[in-house]
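Trainee: Let me begin by handing over the structure; questions about it come next.
The values are calculated or read from the model by the stated rules, or taken from the named source; none is laboratory data. Everything numeric in this text was worked out from a predicted model, so none of it was measured. Neighbour counts run over all protein chains shown; Cβ positions are idealised from the backbone, glycine included. Ligands, DNA and RNA are stripped out before the accessible areas are found, and what is left, the full protein with its side chains, is counted by its heavy atoms. Shrake-Rupley method; radii C 1.70, N 1.55, O 1.52, S 1.80 Å.
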Amino acid sequence: MAAKNHKLARKVSRWRDVVRELKAVADPKRAASNAWFLKTGKGEYGEGDRFLGIAVPLQRRIALRYRHLPLADIKRLLASPIHEHRAVGFEILVAQYERGDDAQRARIFQFYLRNARRANNWDLVDGSAPYIVGEHLKTRARGVLDRLAASKLLWERRIAIVSTLTLIKNGEIKDTYRISEKLLADQHDLIHKAVGWALRETGKVSRPALLRFLRANYELMPRTALRYAIEHFPQAQRKRILAGKFT
């Protein structure tokens, strides 16, 4: 009987319940700090975003309690102007993807792509793209990464490169190099950092391959991306690479 009641409770949980729980633990002081940290001022990449001020671990605990939320309700969370509503929505998607069968995962993957523009800050992208897009593409064609990399939307371009982090952990680095090359001319600092981050991780798989990529693209690579990419190299070698010396 208790199990039956638990299942019923899960079914009637809706997005408004999530919103109420988040509101109950809001912290205005933290909200102001988050708004500054995630650059929400005029002309900044997170302009206009609003925060409740909730620590990430607490957001995740709430998300896990609602991991059975229907996609229609998750879509409502993702459409919210409140950052934590969207963050919890994406966290629920990640939880559902991890626990889903092949058919469920396919639906979540497509749903994620249709709503990718809602992941409109780097923390939302980084907390979801590797675990949905990256995981899904481990055993599938990866042309979607090229489409995302060509997007006019900053966050879709970041999804393209950050998703390859999952492939790197699987020992696959060619996609990272291909997408990085497409993004070398990108003007946004958040893409420079993401490309450098992903390149740095490829060095854990093959440092010679990373050095070959850096040598071949040295003239085109933004300085920020290069610095991130060589972060784990010895200091003396970092200095030589920054000066364009690879021998």
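Trainee: Consider the stretch 79-95. How many of its residues are open to solvent by 10 Å² or more (accessible area, probe 1.4 Å), under 18 Å from Pro57 (Cα atoms) and more than 14 Å from the chain's Cα centre (by Cα)?
Mentor: 2
Trainee: Next question, about the same structure. Got a number for residues in the stretch 28-44 being surrounded by fewer than 17 Cβ atoms within 10 Å (Cβ to Cβ) and touching a Ser or Thr at 6+ places or on another chain (Cβ under 9 Å)?
Mentor: 0
Trainee: Being surrounded by fewer than 22 Cβ atoms within 10 Å (Cβ to Cβ) and either under 17 Å from the mean Cα position of the chain (by Cα) or of a type in the set (A, V, I, L, M) (or both) is the filter here, so list the residues in the stretch 64-73 that pass it.
Mentor: Across the stretch 64-73, the qualifying residues are Leu64, Leu71, Ala72.
Trainee: Mind checking which residues of the stretch 150-167 are open to solvent by 10 Å² or more (accessible area, probe 1.4 Å) and either of a type in the set (A, V, I, L, M, F, W, C) or touching a strand residue (DSSP E or B) at 6+ places or on another chain (Cβ under 7 Å) (or both)?
Mentor: Scanning the stretch 150-167 gives Ala150, Leu153, Leu154, Trp155, Leu165.
Trainee: Could I ask something else about it? Sort through Ala72, Ala24, Ala31 and tell me the only one that's farther than 21 Å from Arg118 by Cβ, at pLDDT 95 or above and of a type in the set (A, V, I, L, M, F, W, C).
Mentor: Ala24
Trainee: Residue under question is Ala119, and the condition is that it be open to solvent by less than 30 Å² (accessible area, probe 1.4 Å) and out of contact with any Phe, Trp or Tyr (no Cβ under 8 Å at 6 or more places or on another chain); does it hold?
Mentor: It is false that Ala119 is open to solvent by less than 30 Å² (accessible area, probe 1.4 Å) and out of contact with any Phe, Trp or Tyr (no Cβ under 8 Å at 6 or more places or on another chain).
Trainee: How many residues, within the stretch 96-140, are touching a Leu at 6+ places or on another chain (Cβ under 8 Å), of a type outside the set (A, V, I, L, M) and touching a residue at least 40 places away in the same chain (Cβ under 8 Å)?
Mentor: Here the count works out to 6.
Trainee: Which fully enclosed helices (runs of 4 or more DSSP H) of the stretch 96-191 have 2 or more residues being over 15 Å from the mean Cα position of the chain (by Cα), within 25 Å of Lys39 (Cα to Cα) and at pLDDT 95 or above?
Mentor: Hits in the stretch 96-191: 174-183.
Trainee: Residue under question is Arg76, and the condition is that it be closer than 21 Å to Trp155 by Cα, open to solvent by less than 80 Å² (accessible area, probe 1.4 Å) and of a type in the set (Lys, Arg); does it hold?
Mentor: So Arg76 fails the test.
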